[in-house]
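For reference, the structure is listed below as structure tokens.
The values are calculated or read from the model by the stated rules, or taken from the named source; none is laboratory data. Computed from a predicted model, the values in this text were never measured in an experiment. Cβ coordinates were reconstructed from backbone atoms using ideal geometry, including for glycine residues, and neighbour counts include every protein chain displayed. All accessible areas refer to the heavy atoms of the entire protein, side chains included, with ligands and DNA or RNA removed. Shrake-Rupley method; radii C 1.70, N 1.55, O 1.52, S 1.80 Å.
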Amino acid sequence: RELARLPALWLPRRPMSSPSIQALSQEVVNRIAAGEVIHRPSSALKELLENSLDAGSTSISVTSKAGGLKLLQISDNGHGIHRADFPRVCERFATSKLREYEDLSQIETFGFRGEALASISHVAHVSVTSMTADAACAHRASFSDGLLVPPKPGEPAEPRPCAGTRGTTIAVEDMFYNVPMRRAAMKGAGEEYTRLLQVVQSYALDNAGVAMSCKKAAEHATELHTLASHSALDVVRLVHGSQVAAELLPLEATDEESELRLRGLVSNANFSQKRLTLLLFINKRLVESSHLRRAVEEVYAQYLPKHTHPWVYLSLRLPPASPRRTTHRVQLHHSREAACAD
């Protein structure tokens, strides 16, 4: 009788048998893997932008709806995708950038294992329209879970001929439609769009000479529109304002021992702001580095008023074997990171 009055949590539990070990379904595995690469629309855009740059594009435009959750579209004028390669576009570990394991020591493209589009196709509906220079027309196909799928029930899944120009357009719709917890964790459409815009702005700076634009689908005006004729300083002036651009100094350095090449734009001692702006690229990829962030702060602490910070853009080029590469990020070995900071 006394036990019956106790809350259920206080009652002794019956011993449970150890659960058996079971292999996860491929669907669950793919969604988990996608989550390692695609955290939010801006991380998907970063991967797509890098694919466009790897394709030799000189013009890239980005359009989004609902901060990229409803629609994220990127169009470029790169070399395009051959019709015969369409079935492998969203297949994991299918790539045009790597053939042998030894190629990793010399690879200089952004990604190389072919996981970006595959991951996106497991958490969104993807359509690809592409045309190569030698093709008579463009082709369009739809993808889901890494595979070609019919655009509508009853229609064939094979790529369909359509009108187009040289290059590729990728439309990603209903991102995280099948991962409700991830979808619920997203910020509002306005904040997600700001993240998209910041990614395009950053890559426009490091790829001056490539025209880039970014806009919302419902609006005619673009939030960002750089020209192929713009220099890095022109992009800074367009994105961050003339006041920042006027206070920047060009920076170039080479270290023969580490084979490090550095270029960038840094604010002078007359400029300061409340928060540090550090745009850091390593081998063309936008990255974070706590070592380099601290090194920048330490250098400027000697010249700026207390509690103020500089504006810094750095682009480091290291031998391909130096960074620890993955498909969705670049990491430096601690020894090389410390050397770069020095």
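One residue stands out among those in the range 137-181 that are closer than 20 Å to SER61 by Cα and part of a loop (DSSP other than H, G, I, E, B): the one that is farthest from the chain's Cα centre (by Cα), which is ALA163. Would you please name the residue that is least open to solvent (accessible area, probe 1.4 Å), looking only at residues in the range 126-161 that are acidic (Asp, Glu) and under 19 Å from VAL172 (Cα atoms)? Here the residue is ASP145.
Residues checked against (1) open to solvent by less than 70 Å² (accessible area, probe 1.4 Å); (2) under 22 Å from ALA228 (Cα atoms); (3) modelled with pLDDT of 60 or more:
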{"site": "GLN26", "(1), (2), (3)": "no, no, yes"}
{"site": "VAL37", "(1), (2), (3)": "yes, no, yes"}
{"site": "CYS90", "(1), (2), (3)": "yes, no, yes"}
{"site": "ILE107", "(1), (2), (3)": "yes, no, no"}
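Across the range 166-193, the number of residues qualifying as of a type in the set (S, T, N, Q) and either at pLDDT below 95 or touching a helix residue (DSSP H, G or I) at 6+ places or on another chain (Cβ under 9 Å) (or both) comes to 2.
I'd like the full set of residues that are among the basic types (Lys, Arg) and within 27 Å of LEU45 (Cβ to Cβ), limited to the range 268-323. Steps first, answer last, please.
The first filter runs over the range 268-323 and keeps only residues among the basic types (Lys, Arg), leaving 274-275, 284-285, 293-294, 306, 317.
Passing the criteria: ARG275, LYS284, ARG285, ARG293, ARG317.
Do you know which of the residues in the range 263-277 that are in a loop (DSSP other than H, G, I, E, B) and open to solvent by 70 Å² or more (accessible area, probe 1.4 Å) is nearest to ASP234 (Cα to Cα)? The selected residue is ASN270. Among the residues of the range 243-262, those that are within 17 Å of SER272 (Cβ to Cβ) and either modelled with pLDDT under 95 or open to solvent by 60 Å² or more (accessible area, probe 1.4 Å) (or both) comprise GLN243, ALA246, LEU249. Set side by side, the residues LEU196, LEU238 differ, and just one is closer than 27 Å to ARG263 by Cα, out of contact with any helix residue (DSSP H, G or I) (no Cβ under 6 Å at 6 or more places or on another chain) and outside any loop (DSSP other than H, G, I, E, B), which is LEU238.
Return the residues of the range 278-318 that are part of a loop (DSSP other than H, G, I, E, B) and either within 18 Å of LEU248 (Cα to Cα) or open to solvent by less than 30 Å² (accessible area, probe 1.4 Å) (or both); say none if nothing qualifies. Can you show your working first?
Going residue by residue through the range 278-318, those that are part of a loop (DSSP other than H, G, I, E, B) are 283-284, 288-289, 302-308, 310, 318.
Of everything in the range 278-318, those that are part of a loop (DSSP other than H, G, I, E, B) and either within 18 Å of LEU248 (Cα to Cα) or open to solvent by less than 30 Å² (accessible area, probe 1.4 Å) (or both) turn out to be ASN283, SER289, GLN302, TYR303, LEU304, PRO305, THR308, PRO310, LEU318.
ARG83 passes every criterion in (1) open to solvent by less than 100 Å² (accessible area, probe 1.4 Å); (2) at pLDDT 95 or above; (3) farther than 21 Å from LYS215 by Cα apart from (1). Scanning the range 218-242 for residues that are modelled with pLDDT of 95 or more and aliphatic (A, V, I, L, M) yields LEU224, LEU227, ALA228, ALA232, LEU233, VAL235, VAL236, LEU238, VAL239.
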